[in-house]
Amino acid sequence: MQHPAEGSTDVAATALQPGFLASLFRELGADEDDENEGENEVRDEARAEEPPGGRNRARLRDRAPDHVWGRATTPPPPVVPPQPGPVEPPAAADADGTNDVNDTNDVNGTIDADDPVAAHGRAAALTHHRTLAVQAEHRQLADLLRRAAQPVSAMDFESQLRSYQPRPFPDAAAESEPEPAWADFAPPEPVGADPDQPRSRRLLDSGYQRELAQARLRHQRALREWRTRQAELADSGAIAARQAHEEAERARARAVQEYNDSLEECRRAYRQAEPAAVESLLERALAAAEGATRDLPAPCRAVFRALTRTAVLDLDLPPLDTVPALTGYRLTDTGEVAPVPRPAADVRTDYLRLAARLALRALQAADAVDTDEVLSGVVLNGWLRVPGQPPQCLLSVDADRDALARTRLVPDAGHLGDEGADGGVYAEAEHDESLLRLRALAAVISPDPYAGEAVQPWGSASSAVPALGELSPGEFALLVRAVLTAGGLRDWSVRLRGPAGLVATAEGDPGSGLPGRWVVWASRGPGPVTAEEIATLAEAVREEGADRGLRMTCGRFTDEALDLTGEERHQRIHLIDGPGIRELARTHLELPLTL
């Protein structure tokens with residue numbers, strides 16, 4: 001057995017001591033990490049000079065021990081204590097007051113407001129959003145134009161009648177069970193019995209008697225069960241509930257009958273041209289027509305003139321800002337958001353188009369409800385009401401029954417034009433169907449609502465008894481015709497008709513108060529009639545080959561005109577002034593007109 005040399009250690013100790021000491025030193029913190037690359041290089045050079053055994057021991061020392069004394073251990077993470085030191089000073093500012101590093105970002109990472117790229121991006125986004133809002137306004141206007149052109153349903157008396165439909169009782173099946181009848185239980189008579197034998201002989205059949213007795217028992221049992229169910233229903237309150245249900249149904253039937261009776265009474269009053277009944281029906285029809293555009297309030301009030309059987313409708317037109325005045329927004333060269341206005345002609349045309357469709361819808365509602373032909377004409381005035389300013393009349397229509405009947409009052413919805421074309425996005429005013437049909441009814445329309453250019457309304461409903469000057473041209477023409485027809489003239493032929501009055505020809509029976517052929521010239525203005533007009537009428541009488549001429553006016557005649565009719569060549573010209581027309585209307589038509 002060999003012994004180790006003096007001064008040498010045991011092999012086991014030599015093998016364990018380096019690993020054990022390395023792990024022990026590492027746990028005690030004596031083996032610190034390298035601070036810099038210089039120390040690492042020195043250590044690598046030292047390791048390169050060591051012998052192989054020393055390098056192995058160095059590797060074993062540097063490697064973290066996985067096992068200590070046969071037990072798995074995990075070294076705790078190194079704790080680095082806070083090391084005091086000077087606080088780093090802020091970056092020095094440039095000469096212009098800004099930092100050299102990251103000029104576009106502030107301390108929190110947000111974009112600097114003075115950055116031109118960021119400002120341009122914000123302006124572009126704002127331009128886009130504002131343009132989208134303007135485009136939404138254009139789509140809303142197109143939708144309003146489409147809905148305003150939709151036909152309205154007739155609100156006549158027939159469509160307002162109600163019908164009564166009885167509602168069954170919820171437990172009607174159990175309540176309606178009939179009482180059991182003997183016929184449902186009686187057995188059939190014996191088969192093969194001689195019909196010549198008396199009935200008493202057939203009843204002596206024993207089999208038939210047994211069936212008869214059993215049937216009577218079943219019938220009695222069914223009666224008891226039925227009476228029991230009836231008693232249970234009475235105790236549970238079902239019978240009282242059914243009686244209450246029947247009473248409620250009778251009340252519903254009475255309410256429907258009373259409503260229909262009142263509606264029939266209103267219809268009778270409407271046929272007799274009572275103002276309250278006519279105005280109630282008209283306003284109900286106008287309110288129903290307005291339901292298609294509830295987001296665009298356009299109320300319409302109705303006043304009925306029983307003297308001339310004319311309905312005067314006052315329509316409130318939408319505000320001027322309903323029509324968008326901009327095409328969108330654009331970004332200028334300087335980075336500003338600038339609006340792009342639409343042409344003034346396009347904005348004006350779009351507003352007039354919307355007003356025309358609302359007016360046509362009101363006329364259609366009034367014409368559709370007049371199934372009994374009580375109205376002789378309709379006057380519609382479209383008013384623009386601005387708070388703090390007097391109302392302005394932007395359009396006025398004077399249409400008689402015949403004009404409303406031959407005019408299609410429901411225009412087409414229209415289509416949007418080419419968005420890339422110049423001008424408005426809608427059809428041109430000259431080709432717009434609603435404006436063309438409104439002008440076909442002899443309507444006057446404001447040329448420019450945005451410039452405050454109003455029109456004179458054809459008629460007003462300021463008083464229940466209108467004066468001659470308040471009558472519309474249509475009313476005045478009907479009044480003249482009715483007065484002269486009552487005086488004996490017939491076969492009317494209107495040659496000219498306008499805001500100033502009318503010129504017509506008529507024939508009178510030989511035995512009437514106005515015999516022969518007449519030329520009638522009636523004017524509704526308050527201005528005096530001059531001698532030149534009398535001479536013009538005499539010339540028209542000669543051209544028409546008429547016998548006489550009649551000059552009527554709501555005003556008066558000048559002295560020269562009165563002197564001219566005294567001459568022999570003008571003796572066939574007859575004059576009637578305002579008081580004369582009023583007297584004729586009171587005598588022949590019982591119309592209490594005022595001057």
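The values are calculated or read from the model by the stated rules, or taken from the named source; none is laboratory data. Just so you know, these numbers come straight off a predicted model, no measurement behind them. Every residue, glycine among them, receives a Cβ derived from its backbone with ideal geometry; neighbour counts consider all protein chains shown. With ligands, DNA and RNA removed, areas are computed over all heavy atoms of the protein, side chains included. Shrake-Rupley method; radii C 1.70, N 1.55, O 1.52, S 1.80 Å.
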Report task. Mind checking which of GLY487, GLY469, LEU441 is farthest towards the positive end of segment 433-496's charge dipole, using Cβ charges of +1 (Lys, Arg) and -1 (Asp, Glu) about the Cα centre? Result -> GLY487
Requested in this report: At 0.36 nm per residue, minus the direct Cα-Cα distance, what do LEU589 and ALA244 gain on full extension? Give it in nm, one decimal, please.
Outcome: 118.5 nm
Query raised in the report: To the nearest 10 Å², what's LEU584's accessible area with a 1.4 Å probe?
Result: 50
Requested in this report: Mind putting a number on the dipole of segment 467-507 about its Cα centre? Charges go on the C-beta only, +1 for Lys and Arg and -1 for Asp and Glu, and I need it in Debye to the nearest 20.
Outcome: 100
Report summary line: Label model pair ARG408, GLU211: point-to-point distance (7 angstrom along the Cα→beta-carbon line) in nm is 7.8
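Rounded, prolate or oblate, given the Cα gyration tensor of segment 230-298, with a/c below 1.5 counting as rounded? Before the final figure, lay out each step's value.
Numbers: a/c = 8.02, a/b = 2.20, b/c = 3.65.
Oblate, since a/c reaches 1.5 and b/c is not below a/b.
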**Report entry** Computed label-point distance, nm, for sites ARG271 and ARG130 using a 7 Å Cα→Cβ extension
**Finding:** 6.4
Query raised in the report: Which of PRO319, ALA248, CYS300 sits farthest toward the positive end of the charge dipole of segment 235-327, with +1 on the Cβ of Lys and Arg and -1 on the Cβ of Asp and Glu?
Result: CYS300
Query raised in the report: Points 7 angstrom from Cα along the Cβ direction at LEU223 and TYR164: gap in nanometres?
Result: 3.7
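Starting with the highest mean, order 549-555, 335-341 by the number of other Cβ atoms within 10 Å, averaged over the residues of each peptide. Mind showing how you got there, number by number?
Numbers: 549-555: 22.7, 335-341: 12.7.
Highest mean packing first, the order is 549-555, 335-341.
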Requested in this report: Could you tally the net charge around ALA538, taking each other residue with its Cβ under 13 Å from the Cβ of ALA538, Lys/Arg +1 and Asp/Glu -1?
Outcome: -3
Report summary line: segment 444-595: spread of alpha-carbon positions along the three principal axes, whole Å, largest first, is 54, 33, 28
Requested in this report: Using the Cα centre as the reference, give the magnitude of the dipole from point charges on the C-beta atoms of segment 458-534 (Lys, Arg: +1; Asp, Glu: -1; all else neutral), rounded to the nearest 20 debye.
Outcome: 120
